[in-house]
1. Of everything in segment 181-194, what is surrounded by 18 or more Cβ atoms within 10 Å (Cβ to Cβ) and either under 12 Å from the mean Cα position of the chain (by Cα) or more than 22 Å from Val243 (Cβ to Cβ) (or both)? Give them in sequence order.
2. Within segment 1-55, which residues are among the basic types (Lys, Arg), outside any helix (DSSP H, G or I) and either modelled with pLDDT of 90 or more or surrounded by 19 or more Cβ atoms within 10 Å (Cβ to Cβ) (or both)?
3. Looking at (1) among the β-branched types (Val, Ile, Thr); (2) surrounded by fewer than 17 Cβ atoms within 10 Å (Cβ to Cβ); (3) over 22 Å from Met180 (Cα atoms), find the lone condition where Val68 falls short.
4. Within the group Thr208, Thr150, which residue is closer than 21 Å to Leu58 by Cβ and touching a residue at least 24 places away in the same chain (Cβ under 8 Å)?
5. Looking only at segment 146-163, filter to residues that are of a type in the set (A, V, I, L, M, F, W, C) and more than 15 Å from Gln85 (Cα to Cα); which one of those is modelled with the highest pLDDT?
6. Touching a strand residue (DSSP E or B) at 6+ places or on another chain (Cβ under 9 Å) and at pLDDT below 90: does that describe Lys215?
7. Take the residues in segment 123-140 that are hydrophobic (A, V, I, L, M, F, W, C) and in contact (Cβ under 8 Å) with a residue 12 or more places away in the chain; name whichever of them is nearest to Lys175 (Cα to Cα).
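The values are calculated or read from the model by the stated rules, or taken from the named source; none is laboratory data. Just so you know, these numbers come straight off a predicted model, no measurement behind them. Methodologically, a virtual Cβ is constructed for each residue, glycine included, from the backbone with ideal geometry; neighbour enumeration extends over all protein chains shown.
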Amino acid sequence: MHAISIHNVTKQYRLGRMRNGKPVHVLDSVSLNVQKGEFVGIIGPNGCGKSTLFKMILGLEKPGSGEVTVLGKKPEDIQMGYVPQHSSGALYPWFTSKENLDFAVKENNAGTAQLISNKIQEFGVSMYTNAYPYQLSGGLKQLLSIARATLYSNILLLDEPLTGLDYQNRMAVEKKLLDMRNGQNTAVMISHDIESAILLCDRIIILTPKPARIKAVLAIPLPKNRTHETRFLPEYQHALSNVYAALLE
């Protein structure tokens with residue numbers, strides 16, 4: 001069974017408030033399967049429908065035609081982790097780091113308290129348990145957002161997870177995502193950062209301008225276990241060349 005299956009999905013919107021507004025064709029016959037334990041990157045021009053595709057995977061939008069399933073079920077029946085673009089704004093500013101995780105729990109009990117404690121340790125934010133978002137760097141806020149998204153699910157959707165981070169914070173978030181490439185987690189990542197997407201992903205999906213179709217599916221033939229030093233491998237440079245070549249076709 002695939003973790004995520006997208007079959008022949010098409011989507012249109014109508015501009016304006018009137019039902020007879022001009023239709024905009026966003027997605028056109030998009031099909032993609034994501035395997036359990038796989039990290040997949042989606043690259044495409046602004047406005048091509050990447051976020052719309054995410055909304056359909058999450059069950060927030062219905063396809064105009066075609067089908068989306070997660071673990072063989074309707075998306076709305078499966079709990080997934082979602083980290084939106086500029087996710088630091090998704091943290092509640094009046095809550096501390098711990099309280100932001102507390103807010104996402106299903107029920108408060110001893111097991112839940114331990115789960116949150118483990119997540120705080122796992123994501124390296126234990127020093128900032130009682131800090132408020134305004135007191136955290138961009139990288140720490142992103143790590144906290146990912147920690148919250150993974151409380152109950154190992155299927156993760158990341159929308160531009162590295163946007164707006166300086167180099168040091170970017171490396172910290174990259175390292176955590178690399179640690180998550182352990183076969184237990186499945187991730188789909190929208191990114192304009194081609195170099196990071198290649199480092200983090202097993203495959204890169206390149207979309208055309210809208211109506212978006214899949215222009216290319218590129219396997220990234222790098223070791224399963226990767227570090228920042230993987231960027232210096234000849235295989236990484238070869239994969240980078242292939243992605244740029246596909247984008248320029």
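1. Asn185, Thr186, Ala187, Val188, Met189, Ile190, Ser191, listed by residue number.
2. At the first step, the residues of segment 1-55 found to be among the basic types (Lys, Arg) are 11, 14, 17, 19, 22, 36, 50, 55.
Checking the rest, the ones that are also outside any helix (DSSP H, G or I) come to 11, 14, 17, 19, 22, 36.
The answer is Lys11, Lys36.
3. Unmet condition: (2).
4. Working: Thr208 fails: closer than 21 Å to Leu58 by Cβ.
Result: Thr150 is the single residue among Thr208, Thr150 that is closer than 21 Å to Leu58 by Cβ and touching a residue at least 24 places away in the same chain (Cβ under 8 Å).
5. Going through segment 146-163, the residues of a type in the set (A, V, I, L, M, F, W, C) turn out to be 146-147, 149, 151, 155-158, 162.
Still in the running and more than 15 Å from Gln85 (Cα to Cα): 147, 151, 155.
Working: Ala147: 89, Leu151: 86, Ile155: 95.
The extreme case among them is Ile155.
6. Working: touching a strand residue (DSSP E or B) at 6+ places or on another chain (Cβ under 9 Å): yes; at pLDDT below 90: no.
Considered against the rule, which asks whether it is touching a strand residue (DSSP E or B) at 6+ places or on another chain (Cβ under 9 Å) and at pLDDT below 90, Lys215 comes out as no.
7. Phe123
Quick grid of which residues meet (1) among the β-branched types (Val, Ile, Thr); (2) surrounded by fewer than 16 Cβ atoms within 10 Å (Cβ to Cβ):
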position	(1), (2)
Tyr92	no, yes
Phe95	no, yes
Asn100	no, no
Tyr134	no, yes
Gly139	no, no
Ala147	no, no
Thr150	yes, no
